[in-house]
Amino acid sequence: MGNCCSDEIGTGRHSVGPASSSADAASAAADRFLRSRGAGASTQIELSLSASNLGDQEYFFKSNPIVVVYSSNDGALEEIGRTEVIVNSSSPSWNAKIILQYQFEVLQPLVFHIYDIDPQFHDVSEKMLKLEEQQFLGEAICNLSDVVTKQNRLFTIKLGVSEQNLPNPSKFGELTVQAEESAGSKALMEMVFHCSDLEIKDLLSKSDPFLLISRMSENGTPVPICKTEVRKNDLNPKWKPVILNLQQVGSKESPLMIECFNFSSNGKHDLVGKIVKSVADLENLYHSGNGENFFVPASNAHDCHSMEVLKSQVYVEKYLENSRHTFIDYISAGCQLNLMVAIDYTASNGNPRLPDSLHYIDPSGRPNAYQRVILEIGDILQYYDPAKRIPSWGYGARPIDGPVSHCFNLNGSTYQPEVEGIQGIMSAYISALRNVSLAGPTLFGPLISTATAIASQSLTSNQQKYFILLIVTDGVVTDFQETIDAIIKASDFPMSIVVVGVGGADFKEMEFLDPNKGGRLESSTGRVASRDVIQFAPMKDVHGSRISIVQSLLAEIPGQFMTYMRTREIQAIS
């Protein structure tokens, strides 16, 4: 899924053992710069469609069917594409592919309408057909994740009739949807760049350079797709491998802009220089061994297109083409994403019986902050977990006649933490509010260690599972080092950690958890994480547009998943 630098979306970090350098924090900050310029991760999908037993055979003869595909956003339909018309068939297979972008972090509802095209319109282009003049044959609805999670990415849906007044809707056949990633998403180019004689931009030290790679849109605007890590205090830097897929760049002949920036902690990175070259040009640079001079806009030129050529050069030290498994390959081969949930029951949430409490259960059914987070993230992840048995814990509360617990089973069971699905979490959450006393303090260490033990057991059993621990909290952790130690241990196992802050607390101190916002995490023994596994964000950052924060957190998961699979050489095998 849009994977680029060093096997991980948007990053180039990959350290194990003793802490390496302060460049980790700078690289994380540069990642934010990448996202601020509009970079995102998605995969182009081609949908193939076929149907069987179209129409009620008691009422219809063979039809001339066409499929119109829509995306659905809060009930509003937007057409994505149409197939061709198949003449005289009740079980057609259409040749036309429906092209769309798959995004893991977004629910993507799809609606399929099938029409029987009257023979008098057979000379009319499919795009020009007036659908209201055609016979409606049926409707199918699913999410794109329903399709990509199925073995062979093949999903069959019974056709219904929605609000259409058609006879005997149980006899209107089935629609089969098959998804394939575009070939370009698996065709990879791996390159290693190095530069010489970069200009000194810092007053008291050498420059801290990183590269930002963008494809050029049709209107000439650069669209970022990848970046390197930051090299601290280096005028002749060599970066870790950059991995691009053909889908990201368009074609080997499409122009790419490669910009070299000097990192600045305030986010205002200075442009050192840039080049514009296609992948084919970069391959030729590799074979020739020559460098390409950077250029910058001329500072004193009246012509805005005038450029100043610099002595600084960029070289392609390595160029390699190959193909490999993608995130969707693993998912459709049967690898599951299993959600785990932990909820904050500390006293700072307020008395659950009062409306100003973060735990207040509104009689009208309006979800509180904790419920909203769980519902929004659960709505996305539930499609990737067939069993939907979700380990769920509370922390920071005192069970009846017991000491404060920093990891108790939400369902009240002594041994079994799983509940059934998202609604099971909701029921257990409300029940626990009645059976515990809110206390404190806020500790994450025991939660993360418990979740890691489950991931470790799954690994020992050779199960193809990857776990996502969601921690919802209203305050700052007090066991900083224990939490860091637990995170670093968790980085060795198939899991990611998502922390969401709710309420009005100042979460500034929590940013140490997220390498995209703070510095590197170092354990009490001097070890750093083997990969990025955690991200944190407070809900209040989005000022009412809650879904954006959920998307931004979940968008990191495929990259973390793929880094784990690739570094451990785990194959996508059904």
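Give just the number: which of (1) open to solvent by 40 Å² or more (accessible area, probe 1.4 Å); (2) in contact with a strand residue (DSSP E or B) (Cβ under 6 Å, 6 or more places away or on another chain) does G440 not satisfy?
Condition not satisfied by G440: (1).
Of the conditions (1) under 25 Å from D379 (Cβ atoms); (2) surrounded by 18 or more Cβ atoms within 10 Å (Cβ to Cβ), N64 fails just one. Which one is it?
(1)
Looking at the range 397-429, which of the residues that are of a type in the set (A, V, I, L, M) and open to solvent by less than 40 Å² (accessible area, probe 1.4 Å) is nearest to I377 (Cα to Cα)? So that I can check it myself, show each step before the final result.
Applying the first criterion (of a type in the set (A, V, I, L, M)) to the range 397-429 yields 397, 400, 404, 410, 419, 422, 425-426, 428.
Imposing the further condition that a residue be open to solvent by less than 40 Å² (accessible area, probe 1.4 Å) reduces the set to 397, 410, 419, 422, 425-426, 428.
On the way: A397: 24, L410: 18, V419: 16, I422: 10, I425: 12, M426: 13, A428: 17 Å.
Per the stated criteria, the residue is I422.
Quick check, is S306 within 30 Å of K274 (Cα to Cα) and either open to solvent by less than 60 Å² (accessible area, probe 1.4 Å) or touching a residue at least 24 places away in the same chain (Cβ under 8 Å) (or both)?
Working: within 30 Å of K274 (Cα to Cα): yes; either open to solvent by less than 60 Å² (accessible area, probe 1.4 Å) or touching a residue at least 24 places away in the same chain (Cβ under 8 Å) (or both): yes.
When the stated conditions are applied, S306 passes them.
Please indicate, with yes or no, whether at least one residue in the range 173-193 is closer than 30 Å to A140 by Cβ, open to solvent by 20 Å² or more (accessible area, probe 1.4 Å), assigned to a strand (DSSP E or B) and not charged (D, E, K, R).
yes
List pairs: first in the range 35-53 and under 18 Å from I86 (Cβ atoms) and open to solvent by 70 Å² or more (accessible area, probe 1.4 Å), second assigned to a strand (DSSP E or B) and modelled with pLDDT of 55 or more, Cβ under 9 Å, 6+ apart or cross-chain?
Matching pairs, first to second residue: N53/E174.
Taking into account only those residues within the range 87-98 that are surrounded by 13 or more Cβ atoms within 10 Å (Cβ to Cβ) and modelled with pLDDT of 95 or more, which is farthest from the chain's Cα centre (by Cα)? Step through it out loud before you land on a result.
Of the residues in the range 87-98, the ones surrounded by 13 or more Cβ atoms within 10 Å (Cβ to Cβ) are 87, 89-94, 96-98.
Right, trim to modelled with pLDDT of 95 or more and you get 92-94, 96-98.
On the way: P92: 35, S93: 32, W94: 31, A96: 28, K97: 24, I98: 22 Å.
By that ranking, first place goes to P92.
Quick one: would you say N322 is open to solvent by 50 Å² or more (accessible area, probe 1.4 Å), polar (S, T, N, Q) and within 30 Å of V147 (Cα to Cα)?
Values: open to solvent by 50 Å² or more (accessible area, probe 1.4 Å): yes; polar (S, T, N, Q): yes; within 30 Å of V147 (Cα to Cα): yes.
Here the answer is yes, as N322 does meet what is asked.
Would the range 225-237 turn up any residue that is within 26 Å of the chain's Cα centre (by Cα), closer than 25 Å to Q44 by Cα and surrounded by fewer than 18 Cβ atoms within 10 Å (Cβ to Cβ)? I'd like the intermediate steps shown before the answer.
Applying the first criterion (within 26 Å of the chain's Cα centre (by Cα)) to the range 225-237 yields 225-230.
Applying the additional criterion that residues be closer than 25 Å to Q44 by Cα yields 225-228.
Add one more test, that the residue is surrounded by fewer than 18 Cβ atoms within 10 Å (Cβ to Cβ), and what stays is none.
For the range 225-237, residues within 26 Å of the chain's Cα centre (by Cα), closer than 25 Å to Q44 by Cα and surrounded by fewer than 18 Cβ atoms within 10 Å (Cβ to Cβ): absent.
Can you name the residue in the range 321-366 that is in a loop (DSSP other than H, G, I, E, B) and under 25 Å from the mean Cα position of the chain (by Cα) and is also modelled with the highest pLDDT among such residues?
As a first pass, look at the range 321-366 and keep what is in a loop (DSSP other than H, G, I, E, B): 324-326, 333-335, 345, 350-366.
Now drop any that are not under 25 Å from the mean Cα position of the chain (by Cα), which leaves 324-326, 333-335.
On the way: R324: 80, H325: 86, T326: 88, A333: 91, G334: 91, C335: 94.
Among them, the one singled out is C335.
Could you look through the range 520-543, keep only residues that are open to solvent by 20 Å² or more (accessible area, probe 1.4 Å) and polar (S, T, N, Q), and pick out the one that is modelled with the highest pLDDT?
Across the range 520-543, the extreme among qualifying residues is T525.
Determine, yes or no, whether K206 is at pLDDT below 95, farther than 18 Å from E259 by Cβ, assigned to a helix (DSSP H, G or I) and not β-branched (V, I, T).
Details: at pLDDT below 95: yes; farther than 18 Å from E259 by Cβ: yes; assigned to a helix (DSSP H, G or I): no; not β-branched (V, I, T): yes.
No: the conditions fail for K206.
Look at the range 389-433 and say how many of its residues are among the basic types (K, R) and within 17 Å of A451 (Cβ to Cβ). Show your work before the answer.
Step one: list which residues in the range 389-433 are among the basic types (K, R), which gives 389, 398.
Cutting the leftovers down to within 17 Å of A451 (Cβ to Cβ) gives us 389.
The qualifying residues number 1.
So V477 clears everything in (1) among the β-branched types (V, I, T); (2) at pLDDT below 95; (3) closer than 22 Å to I422 by Cβ; (4) touching a helix residue (DSSP H, G or I) at 6+ places or on another chain (Cβ under 7 Å) except one condition, right? Which one?
Status for V477: all satisfied but (3).
Of all residues in the range 375-424, which are over 30 Å from D146 (Cβ atoms), touching a Gly at 6+ places or on another chain (Cβ under 8 Å) and among the hydroxyl-bearing types (S, T, Y)?
Correct list: S405 only.
Under 8 Å between Cβ atoms, at least 6 apart or on separate chains: pull out the pairs that start in the range 378-389 with a residue that is closer than 17 Å to S332 by Cβ and touching a residue at least 60 places away in the same chain (Cβ under 8 Å) and end on any residue that is of a type in the set (D, E, K, R) and in a helix (DSSP H, G or I).
Partner pairs satisfying both residue conditions: Y383/D146.
Within the set of pairs 6 or more residues apart or between chains, which connect a residue that is more than 25 Å from E292 (Cα to Cα) inside the range 310-328 to a residue that is open to solvent by 30 Å² or more (accessible area, probe 1.4 Å) and modelled with pLDDT of 95 or more with Cβ atoms less than 6 Å apart?
Correct list of pairs: empty, since none qualify.
The values are calculated or read from the model by the stated rules, or taken from the named source; none is laboratory data. What you see is a predicted model, and the numbers here were worked out from it, not measured in a lab. Cβ sites come from the backbone with ideal geometry, for glycine too, and all protein chains shown count toward neighbours. Areas reflect the complete protein model, heavy atoms only, side chains present, ligands, DNA and RNA absent. Shrake-Rupley method; radii C 1.70, N 1.55, O 1.52, S 1.80 Å.
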